[in-house]
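> Can you keep this structure in mind? I'll have questions shortly.
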Amino acid sequence: MKPVLVIGGYGTFGSQVALELAARDIPLIVAGRDAKKSTKFAQQLGPAHRGLFLDVSQRESCRSAMQDRPVVVNCAGPFRHFDPSLLELCLETGCHYADIADDRHYATLVRECGEQFAAKNLAAVYGCSSLPAISGALGLEMQQQCPRAPEQIRVTLFIGNDNPKGLAAVSSLVEGLGQPIPAPQGTIKCFFDRETVPLPPPFGRSIVFNFDSPEYDLFPKLFGTGNVRVKVGFELTFGSYVMHMLARAHTGYSPRDAQWITRACQFLRGWGCSGGAVMTEFFFADRSTCRAAMLSKTEGQKMAAWPCMLVAESLAKSVPVRSGACTAYEFLGAEPLLAQMVAAGFELHTVPTEARVNG
């Protein structure tokens with residue numbers, strides 16, 4: 001069994017991946033820029049695991065951690081600031097790679113390295129999180145029921161208020177506020193274009209806004225549509241409107257701006273739920289629609305990290321793998337991915353094509 005190097009392994013999402021892998025007796029190297037936190041968290045996982053210092057921006061730091069050819073799982077961020085260095089080191093050292101990135105630019109970098117990974121019989125599995133792993137799997141599940149091409153697709157990420165908000169995730173959102181998003185149907189803006197979406201119970205109808213994500217590049221070819229909208233919204237509607245107003249105010253927010261927003265989020269913890277949902281909707285020319293959603297009433301961050309854990313487990317156990325760059329739903333298969341999530345206690349909701357558009 002290969003060890004798994006979890007970069008950012010004590011963070012919001014990385015800790016979820018590490019906890020689940022450790023529960024499956026997979027040896028872990030918990031890595032991050034704080035050696036004390038890495039070591040302490042690894043010790044909490046058990047004697048088979050160790051912690052170490054690693055800074056993704058320092059090439060030699062990464063090379064040293066990868067000398068035993070572990071499976072590399074990147075849960076650090078924000079991904080929009082990364083270059084291909086880590087991917088190049090995986091190719092150099094012969095390591096399989098996986099990440100939780102929903103950053104569109106970084107997903108493109110991984111795909112651009114796809115032929116090199118395939119030539120070395122290595123896998124580079126990107127976007128192993130809510131977007132695009134779960135959203136894409138939901139879409140492929142619906143495609144089995146609705147084989148015709150949809151006229152439009154809408155993807156929604158819903159975040160419960162009591163979920164921990166890590167600085168990397170907040171930075172990724174804040175730095176994109178108001179920025180243009182190239183979509184198949186034309187340019188739109190991040191956190192503009194309010195819509196109301198019908199999420200399954202207990203969340204119900206929710207206000208959401210535009211978000212940049214790899215689906216804009218992946219879904220037109222995957223599902224044969226020229227109109228893709230990715231939306232995000234918070235359980236605390238006030239928070240969604242605050243992000244919208246910041247987007248309207250001006251563009252060009254920095255990581256420093258994200259720090260005070262992250263601190264403000266801490267004051268709101270304890271209100272609402274810790275759950276979350278991902279929903280993919282197909283809209284057809286005859287005004288019919290098909291919906292599928294995966295949700296968790298609690299521990300929404302755990303649900304978001306689950307595809308990454310499943311991919312890392314498969315790579316660590318040396319299960320015959322698909323080489324080259326691919327998404328989690330391509331690597332694992334959409335149906336097995338969703339089935340394993342349901343078996344873990346997450347809820348899958350589907351609405352047949354007879355339902356009419358009401359959002």
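The values are calculated or read from the model by the stated rules, or taken from the named source; none is laboratory data. Since this is a predicted model, take the numbers as computed values, not measurements. Here Cβ is always computed from backbone atoms with ideal geometry, including for glycine, and neighbour counts include all displayed protein chains. Quick note on the areas: whole protein, heavy atoms, side chains included, nothing else; ligands and nucleic acids left out. Shrake-Rupley method; radii C 1.70, N 1.55, O 1.52, S 1.80 Å.
> Rounded to whole Å and sorted largest first, what semi-axes of the equivalent ellipsoid does the C-alpha gyration tensor of the chain yield via the square root of 5 times each eigenvalue?
31, 23, 20
> May I ask for the angle, rounded to the nearest 10°, between helix 35-45 and the longest principal axis of the chain, with both axes built from Cα atoms and the value confined to 0 to 90°?
On a 0 to 90 degree scale, this one is about 80.
> Turning to a different aspect of this structure: Report ³J(HN,Hα) in whole Hz for each residue of the stretch 110-120, in order, from the Karplus equation J = 6.51 cos²θ - 1.76 cosθ + 1.60 where θ = phi - 60°; Gly and Pro get x.
Per-residue couplings from phi come out as 5, 4, 5, 8, x, 5, 5, 5, 4, 4, 9 Hz.
> Skipping prolines and chain starts, which residues have an amide H placed within reach, meaning under 5 Å, of the one on I188, given they are 5 or more residues away or on another chain?
I181, A183
> Charges at C-beta only: +1 for Lys and Arg, -1 for Asp and Glu. How large is the resulting dipole of the stretch 73-159 about its Cα centre, in Debye rounded to 20?
About 260 debye.
> Mind telling me which of R24, R33, R248 comes out most flexible in a GNM of the chain, alpha-carbon contacts under 10 Å?
Taking springs between Cα atoms under 10 Å, the residue moving most is R24.
> Hey, another quick one. Given Cβ point charges of +1 (Lys, Arg) and -1 (Asp, Glu) and nothing else, what value in debye, to the nearest 20, does the dipole of the stretch 23-180 about its Cα centre take?
In total the dipole reaches around 340 debye.
> Given the C-alpha atoms of the stretch 53-95, compute the convex hull and give its volume per residue in Å³.
On the way: hull volume 2.9 nm³, N = 43.
It comes to 66 Å³ per residue, whole-number rounded.
> Further, regarding this structure: For a quick check of understanding: with a 1.4 angstrom probe and all protein chains in place, what accessible area in square angstrom does D25 have, to the nearest ten?
Per-residue accessible area (D25): approximately 130 Å².
> Let me ask something else about it. How about K302: which lysines have a C-alpha closer than 17 Å to its C-alpha, ignoring those fewer than 8 places off in the same chain?
Reachable lysines: K165.
> For the peptides 176-188, 87-99, what is the packing order when you average, over each peptide's residues, the other Cβ atoms within 10 Å and list the highest mean first?
87-99, 176-188
> Under 10 Å, Cα contacts only: if you run a Gaussian network model on the chain, which one of M294, M243, M309 comes out with the highest mean-square fluctuation?
Of M294, M243, M309, the most mobile in the Gaussian network model is M243.
> Over the Cα atoms of the stretch 12-109, what Rg and Dmax result, in angstrom?
Answer for the stretch 12-109, Rg first and Dmax second: 13.1, 38 Å.
> Please tell me the relative contact order of the chain in percent, rounded to the nearest whole number, where contacts are Cα pairs under 8 Å and at least six residues apart.
About 22 percent, as a whole number.
> Okay, next question. For the chain, give me the percentage of DSSP beta bridges that are antiparallel, rounded to the nearest 5 percent.
Taking every DSSP beta bridge with both residues in the chain, the antiparallel ones total about 55 percent.
> Any idea what angle helix 255-267 forms with the longest principal axis of the chain, computed on alpha-carbon atoms, 0 to 90 degrees, nearest 10?
80 degrees
> Any idea what the dipole of the chain comes to, in debye rounded to 20, about its Cα centre with Lys/Arg Cβ at +1 and Asp/Glu Cβ at -1?
Rounded to the nearest 20 debye, it is 560 debye.
> Along the stretch 16-22, what does the Karplus equation 6.51 cos²θ - 1.76 cosθ + 1.60 (θ = phi - 60°) give for ³J(HN,Hα), rounded to whole Hz, x for Gly and Pro?
Karplus values, whole Hz, x for Gly and Pro: 5, 4, 5, 4, 6, 5, 4.
> Using the Karplus curve 6.51 cos²θ - 1.76 cosθ + 1.60 with θ = phi - 60°, what ³J(HN,Hα) values do you get for each residue of the stretch 312-320, in whole Hz, with x for Gly and Pro?
Per-residue couplings from phi come out as 4, 4, 4, 5, 5, 8, 6, 5, x Hz.
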